Amino acid sequence: MFQGTRLLFIWLGLMLPAVALADVVTMVRDYTYNASENDSKVSARKAALQQLQVLLIEEVGVQVQSRFDQQQRLEGEDFSRTVQANYQTFARALTKTRILEERWNGETFYLKAEVEVDPDGIGQQIAALVTPAIKPGVSPCETVRLAVVAELKKTPSPARNQRLTEYALQAPIDNDCHRWQYAVLSSLKGSRFPATGYRSWLFEEIAASADHELPQLLPRVISFVFSDLHHTQALSDKEWQQLQQALARVAADRLKRVLRALTNASVRLPQNPAATTSAGRSWQSAALLQQQIDQLLLAADNGQVGKPALSRAALLSLWLQLLAERQPQLMVELLLQRGDQIAEVTPLVQPLSRFYETLIKAAEPSPLLPATDEALHWLLARLESAPQTLSRRQASALYFLLELQQRKLKDKAQAREAEAWLSRTIKPYPQFWATTIAGQRTSEVTKNLWFIRYQLPGAEVCQPQDCAAALFRDNSNSELQRYAQYLEAYGERAAVAEDQVIRKLERLQVQRSSPYRGTLKKLMIQVLVNIHSRDKQAHQLLVTSLEDFDHRVPDAAAAALQQLGDVALAHMIELFPSQSPLVQRRMVKAMGKMAADKTIVSFLKTVPTDNDHMRFAVEDALMAQSR
């Protein structure tokens, strides 16, 4: 492309007299464009056509370049850059193209075209460009910037990279006169064409740059290094030493951005731990990242990281926060190994909570879960033993973990494991969770249920007998439901109110059915299960509940009888003959789901099977017992 620009300068020398020098020149050329992953058919076609035009003008310009040099009509390199700055617009405006053939297979776009070039029109455009490159009143900074911007607009090529490198090496990197350096750095990053000498100059420039430039410069240099396709080693030992020295000059409150660039350049565990090259960039191994962390922690001991210098504890805390974003496994390992060195643990709450949330939401159990669970308990133990004020977001992040497990309680397959998780995660840290739950934006009922179920300190709620007594008062439906929920949350501790629970369930059965009464019945039934009631009347109420019109109640009663098992079995057998056929079938199904018991099998074999419904129920129950 740049060679083609030089060819246009030759035409300039020929055409300055503004005389018609030649008729339209027609040429047929083809070009095959190798598409990238991001190319569509439309973008590939556009790129193929542009490259074909560029190559054609370069080809035509070869002869004109020699004539142009002889006539010396241009003023060296400065004027050359001026013409090149307008090259793309110039080429599009003066070239007429007719597509003869095109093919697209998803990877390459083949284009064959007939191109007409009008030398007179080109001459007019070039004549318009023959003006001084530096206009009066334009600063040298602006002049260079405009030249660089023009270069950046050109199609990538080896010559373009060479010229950008030349511009860069002649000026420092700063945000004043030479802000364009960052655009050059971004353009050369990941280029398939080399930029000879640019990388080594970058590291020299790091040492020469002002301290306030480093937070912006260092992350971009690191990104450039790991996108450099022309070096086999992502980051050399010398370059790492230069980075370490520069980190001592970076403002402490802006170090995070620089260190994040290193984590982003590392292979994410538990993926392949070896350094790889993919998607146009290199990756360093997680093991190498850990070595870099160790070296920086040692440097922090000597006051050589950050300005003012960060302590080891502060730097370690910062690393843990960053690792949670891309290297959570490494974060967990580092936390368990060196967490005791950290005084302030609150910055770790959200990163660790987010990672733990990801693991428990996963469809399959993660091998990282045990270590992460250990890290979570380490964090909770620190917060329990040395209370630290959490922000609302931090507290909510931990509370959300409880909510995720609470949702699993509704799934029979996950309920037992979820309840065990909640119990071992909440009960050892009562003071922390009491404070955290109390501060959540949720209903008081929800908060009280957490306090009751896990016996957290500071609960302002009725005791079991008082809650049961409130069920017989003239309270609203919502109030009655709230007291019933509290009783259910007390678990085995509600046994002191067993008589009251039985009486309430008995009364509910004779009252007209309604949605809220169905909910109350379910809660009373669950209380009887929680306290492992052996009362015959309680078992009789469970049996009669199998005939309730609200489908939720029979389901709850059948599940309760199944859970009570042999505790209720004798009374079930005794009550069986007096029940309706529907209740009997449901009792048979519940017996079939109980733990294998010879008494159940013997009884089922005696049940009359006068109709198909009962016969099928008995057969299924016997089959279930045999398993």
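Going by the conditions given, is Lys427 open to solvent by 20 Å² or more (accessible area, probe 1.4 Å) and modelled with pLDDT of 95 or more? Considered against the rule, which asks whether it is open to solvent by 20 Å² or more (accessible area, probe 1.4 Å) and modelled with pLDDT of 95 or more, Lys427 comes out as yes. Being open to solvent by 40 Å² or more (accessible area, probe 1.4 Å), part of a helix (DSSP H, G or I) and at pLDDT 90 or above is a property that Val144 lacks.
Selection within region 532-572: residues that are of a type in the set (Val, Ile, Thr) and over 44 Å from the mean Cα position of the chain (by Cα). The member of this set that is nearest to Ser602 (Cα to Cα) is Val567.
No other residue among Glu403, Glu364 is out of contact with any helix residue (DSSP H, G or I) (no Cβ under 7 Å at 6 or more places or on another chain), over 29 Å from Tyr490 (Cα atoms), acidic (Asp, Glu) and free of Cβ contacts under 8 Å to residues at least 40 places away in the same chain apart from Glu364.
The values are calculated or read from the model by the stated rules, or taken from the named source; none is laboratory data. If you're wondering where the values come from, they're calculated on a predicted model, not measured in any experiment. Please note: Cβ atoms are built from the backbone with ideal geometry, for glycine as well, and neighbour counts cover all protein chains shown. The area values use the complete protein model at the heavy-atom level, side chains included, leaving out ligands, DNA and RNA. Shrake-Rupley method; radii C 1.70, N 1.55, O 1.52, S 1.80 Å.
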